[in-house]
Amino acid sequence: MGDLMTTFFSGQVPVEAYLGVSLIMFFAGVYGFLTRRNMLMILISIELMLNAADINFTAFNRYLFPAQLEGFYFALFTIAIAACETAVAIAIIINIYRNLTSVEVGNLDQMKE
Amino acid sequence: MQYTLLILALPLLNFIVLGLVDSKWKPKVAGTIGTLVLTIVAALSYYATYEYFSFHKVNGVFEKLMPFNMEWLRFTDYLHINLGILLDPISVMMLVVVSTVSLMVHIYSLGYMKGERGFERYYAFLSLFTFSMLGLVLATNIFQMYIFWELVGVSSYLLIGFYYTKPSAVAAAKKAFIVTRFADLGFLIGILLLSYFTKTFDFEALTSGNASVFAGFTGVSFMGISVLSWAMALIFIGGAGKSAMFPLHIWLPDAMEGPTPVSALIHAATMVVAGVYLVARLFPIYDLYTPGVLHGIAYVGAFTSLFAAIIAVVQTDIKRVLAFSTISQIGFMMVALGVSKMGGEQGLGYMASMFHLFTHAMFKALLFLGAGSVIHAVHSNEMNHMGGLRKYMPITNITFLIACLAIAGIPPFSGFFSKDEILTAAFQFSPYFGALMTFTAGLTAFYMFRLYYSIFWGKEHKHQHTPHESPLVMALPLVFLALVTVFAGFIPFGELVSSDRVPFHSELDLTVASISVIVALFSITLATIFYRKESKIPSLLATKFSGLHKAASSRFYVDEVYLFITKKVIFNNVSRPIAWFDRHIIDGTMNGFASTTQWGSLKIKGVQSGQVQQYAYVFLLGTLVIAALVLFV
Amino acid sequence: MNFLSLFVLIPALMMAGLFLSKSRNQIRTVAAIGASLLMILSGILTYLYLTQRAAGNLAEMLFTSDTVWYAPFNIHYTVGVDGVSVSMLLLTSVIVFTGVFASWKIDPLPKEFFLWYSLLSSGVYGFFISTDLFTMFMFYEIALIPMYLLIGVWGSGRKEYGAMKLTLMLMGGSALLLVGILGIYYSSGATSMNILEISKHHIPMAFQRYFFPLTFMGFGVLGALFPFHTWSPDGHASAPTAVSMLHAGVLMKLGGYGAYRVAIYLMPQAAHEMAWFFLILTGISVVYGAFAAVHQTDLKYINAYSSVSHCGLVLFAILMLNTTAMTGAVLQMLSHGLMTALFFALIGMIYGRTHTRLITEMGGLMKVLPFLGVSYVIAGLASLGLPGLSGFVAEMTIFVGSFQHVDTFHRILTIVATSSIVITAVYILRVVGKLLFGAVQDAHHQHLEDATWYERLSVVTLIIAIVAIGSAPFWISNMIHDSVVPVLSQIIK
């Protein structure tokens, strides 16, 4: 434990650590996406997965190709797109809420036969 | 003799014209036109007969003439239906019979059917029938005969069902058509078999005695009987259906639902003898190749004759008595053909059969027209509604008596001569046969006089209107036919019609003649005792032999057997299950396919739920499976 | 532009004319003119055909023309006629003509009705004039689809069910057919789908064994082959009059015609080898349909089962593979087409008056409706094979022809098939007796109006055609016979 802490604070964090975090975040997102019925929670889960991907992008860029910046750019794009997506999604969710007074996905079966 | 074509064409034209104008003309006009056309046809027929018998004998043999023969429908290179006219002694003789009786019926109907609804239709149908019957007798080939055979069947259907609002008439018409149609199936299959092996439909080729025509049949047999015998037997079934031989006779008594003149024309004189004519037409084949079938015909004829005579004794509807008498008499003709051989004296039966056909047509038509006259007067068919009519209807009485004497076989009336020839032929064949036929002849005399006395003598029944003699148009045909009945016996028939077309002279066999006359006289005396005055004997006998009496009155339950077979067996146990099977099994299978598809799609539909989370779950599982596969396999 | 294409063009023009029509009268005028033109055209065609033949033109198909549609797939639009197609075209014209008058008062949406009706007839005409497998199949589909709408919209009773069933079963048949047709094309090695060209190639026996049953059954479904006939009772029962007429009268003949023109003509060896199996099926159709008809009480069901029986006879005769029986088959197609159209027309007219089709609820109509009654009797007599009417000619040609088969099995089957004439008589007379004769059952039926002029026109035209074939069969029989010969020479080869 002490070793790990030492390396952490000495600025030599291994890439596995970043991957570990992103893995946990991603599966937390997957789990949330699959199990949650509230649309907002689903949205948050999606964001979690996206952010996990962002962490991977930056970590790999930093460790594998330190001379380049594509990974960071990609992460920035993702954040921007995620923001747009969230905006649209929340707009839809609000509209749904106005119509149905509910944001549970189980209740959204009017379009089904 | 090209003009014989007119004999066929005129009635057809008449049918078309009368059928098309329907009720646009006055009934009287339609009737008169119909009768006039028939008069021309009859005149042409008589002239043709005169010309044929006088001028067409070559080397002592009557020629076979074919003044007209055109191809109507070609099947194969050798099989084609021709429509044409064949003149030989029997067809010319039939020409006379058909046109005479038809003319008489046309005239008679002017009075009998007066004021009936559908008078024009009646005359149109009569013309159709006359055309078909003439086409049948003049047929040059077996298929032409079949064509007209069907046409007479349908004319008979239309005329029996003339009173189409009466359910019994409709049922009778249907029965007549279906029973004869069933028999015609036999005829058709017979034709198919015959033509398959002989490669021809032509009577000329079939009956010329040329053995090479039948070479195809050599060695072909089915169930141990040669196929030619099968074919000829099947053809005879067709004839038996039309000629009401047992067990296909059931339609004829019911056919009496038609107007009485129709019964006289179709169900007494002409159409019902078509079967006899058919056998006579193909007689050389029967005689040369299938004598077994020919003997079978004799047995069927004899049985039918006796059977029908027994039933006729107890019937109370006068038209039914006559109907059974007709069946019985046709049985006589069949017997005569069955016991005959080809050529000269050997062919006595053949000649006798044709002779009896001729005389029977005349006196039976007379009997029916007389009965019609009676029915016209008392408005009933039942014997016990009649009695004592001789005072009111002298002409009908006398003519009816003449016909009864003729059918009973009393000389010098025509029936005596023809029946005597038949009995002679039957005795030559086998004494038992002769005896049986003589007994039947005795029965005939008995029931005919029972009929006669019940109508014209006996106890007078109270009538609402006093019965009156029929008008002149109805009396005239009676008188004419009575005259023919009196004198026709003296025609030297053997000189005109014989099995090999060589004239021969037939002598009266005095032994047979005297036996039959004695039997007939005895029967008549018996009938006189029983029925001339009111007598207790008939009812006593009826109670004594109540079983037989009841069975005979219900016509030996043959109708019930038929009803059982058709209704219970075929309709309920074949047709109904098939209809059910079709709706439920076959169609059920088809619908089953449809509902299986529907069920399947319902089940699969659940997969595409629209639930993204569910998709993602499946997606994730799929990814994991693939990952596992990539990693571990 | 070949003049045969007019048969497709006139219905197309009719559709354009109908589309522009405003009033009911205009619609009727357009439909009547179009149908009459088609009738005249087929008359002219028959005349030209006969004169060409008389002049000694021995080509298998006359008036042929070939247009390339899509070269990469060898798809051509090829037309041409022989005696069989000429007689089928005549039949179609008569029935289209009479169908227009039988639906003179169609309601609702007369315009749309006649639009679909014209499309349907153009499909049928196209099928009979084309000699290319692809065009044939295309027109076949054109003829099938409008049926769904015509029954579904203008039908009666369980119309959606009937329409759905009919269309689905026939589509199923055409699926088999498509496989068969493609199989024929690819296994024959021909460079076009032209039937005449394919017939010159030999399709290997191994392929024929697969594609013959597919093609035959594909067409057989339309020809009411047992056990694929069940669309017929339900479909006909719910179809409107003119559609029943056209369907039973002409469309069912597409089955027989196709089986003859495609299945037998192109795959004669397999036909010869497998005929026995299908002969048994069709033999069952013949007798079974007749027996099933005896037990029905709905007029249309009776007629539908009777069609199963009669159309069974068509396929039966085709499978006998000899000229006479085949001529008989074509004659039977003509004859059955005419008389069944007459039946359906009359049933429609009677239904329009009494509002019931159950024979148990009617009776004595002869007295009230003499014209319709007499016509019904004539149709019945034609159906049970009365000489002088077309049914007799056709049935006798079939029976005599089939009986000429050298094989005993075939002859015994023929005898079985002949027994249908008795059963036919039973159900026809049963209907006639119950429906027309006797006393009037229902007091409401006492004052029905007899046929109007357009109904009379329709009925009389059909009766004339039936009588014409029945009393003078030689010209049409010879015309068909001469055209059947090349097809059979394929088998002998």
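Read-outs throughout are calculated quantities, based only on the coordinates presented, and are distinct from any laboratory measurement. What you are looking at is a predicted structure, and each value in this text was computed from that prediction instead of being measured. With ideal geometry, Cβ positions are generated from the backbone for all residues, glycine too; neighbour counts draw on all protein chains shown.
Okay, here's what the table says:
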{"item": "A:Thr86, C:Thr215 arranged by Cβ crowding within 10 Å, fewest neighbours leading", "result": "A:Thr86, C:Thr215"}
{"item": "At R0 = 22 Å, FRET efficiency that the Cβ-Cβ distance of C:Tyr70 and C:Ile44 yields, to 0.05", "result": "0.10"}
{"item": "Helix-derived mean residue ellipticity, 222 nm - over chain C, DSSP H n ≥ 4, -39500 (n - 2.57), to 500", "result": "-24500 deg cm²/dmol"}
{"item": "Whole-angstrom gap from the range C:346-403 to the range B:564-614, using each part's C-alpha centre", "result": "32 Å"}
{"item": "Over chain A: helical MRE at 222 nm, DSSP H runs n ≥ 4 each giving -39500 (n - 2.57), nearest 500", "result": "-26500 deg cm²/dmol"}
{"item": "Average beta-carbon neighbours from other chains, 10 Å sphere, peptide C:382-390", "result": "4"}
{"item": "Value of Rg to Rh for the range A:2-107 (Rh from inverse mean 1/r over Cα pairs, i.e. Kirkwood)", "result": "1.12"}
{"item": "Residue order, fewest to most surrounding Cβ atoms within 10 angstrom, among C:Leu20, B:Leu79, B:Leu620, B:Leu18", "result": "C:Leu20, B:Leu620, B:Leu79, B:Leu18"}
{"item": "Rounded if a/c under 1.5, otherwise prolate or oblate - the protein assembly as shown, Cα gyration tensor axes", "result": "prolate"}
{"item": "Summed side-chain charge close to C:Val330 - residues other than C:Val330 whose Cβ falls under 15 Å, Lys, Arg +1, Asp, Glu -1", "result": "0"}
{"item": "Shielding by other protein chains, B:575-587, mean Cβ within 10 Å", "result": "6"}
{"item": "Overall form of the range C:169-243 per C-alpha gyration tensor (a/c, 1.5; a/b vs b/c)", "result": "prolate"}
{"item": "Shape category assigned to the range B:443-512 from the gyration tensor of Cα positions, a/c cut at 1.5", "result": "oblate"}
{"item": "Within straight-line cross-link reach of B:Lys199, lysines at Cα separation under 29 Å, skipping those fewer than 8 residues along the same chain", "result": "B:Lys64, B:Lys242, B:Lys341, C:Lys493"}
{"item": "Helical contribution to [θ] at 222 nm, DSSP H n ≥ 4, -39,500 (n - 2.57), averaged over chain B, rounded to 500", "result": "-22500 deg cm²/dmol"}
{"item": "In order through the range B:623-633: 3J(HN,Hα) via Karplus (6.51 cos²θ - 1.76 cosθ + 1.60), integer Hz, x for Gly, Pro", "result": "4, 4, 4, 4, 4, 4, 4, 4, 6, 10, 9"}
{"item": "Mean separation of Cα contacts under 8 Å, 6 or more apart, over the residue count of chain C: relative contact order %", "result": "15 percent"}
{"item": "Given charges at beta-carbon only (K, R positive; D, E negative), |dipole| of the protein assembly as shown in Debye", "result": "2980 debye"}
{"item": "Mean-position separation - Cα centroids, the range C:415-450 and the range C:291-339, in angstrom", "result": "19 Å"}
{"item": "Cβ-placed point charges (K, R +1; D, E -1), dipole of the range C:3-492 about Cα centre in debye, nearest 20", "result": "640 debye"}
{"item": "Relative contact order for chain B, counting Cα pairs under 8 Å that sit 6 or more residues apart, in percent", "result": "12 percent"}
{"item": "Cα lying deepest toward the dipole's positive end in chain B, options B:Phe480, B:Phe490, B:Gly588, charges on Cβ", "result": "B:Gly588"}
{"item": "Alpha-carbon centroids, the range B:446-479 and the range C:44-72: separation in whole Å", "result": "73 Å"}
{"item": "Exercise: per-residue mean of other protein chain Cβ atoms within 10 Å, B:153-165", "result": "3"}
{"item": "Reach of C:Lys300 by Cα under 28 Å, taken over lysines that are not fewer than 8 positions away in the same chain", "result": "B:Lys166, B:Lys174, B:Lys175, B:Lys567, B:Lys568, C:Lys105, C:Lys111, C:Lys159, C:Lys165, C:Lys253, C:Lys367, C:Lys434"}
{"item": "Farthest toward positive dipole pole in the range A:2-107 [+1 Lys/Arg, -1 Asp/Glu at C-beta], among A:Met49, A:Ala87, A:Thr101", "result": "A:Thr101"}
{"item": "Neighbour-count ranking [beta-carbon atoms within 10 angstrom, fewest first] of C:Ile415, C:Ile464", "result": "C:Ile464, C:Ile415"}
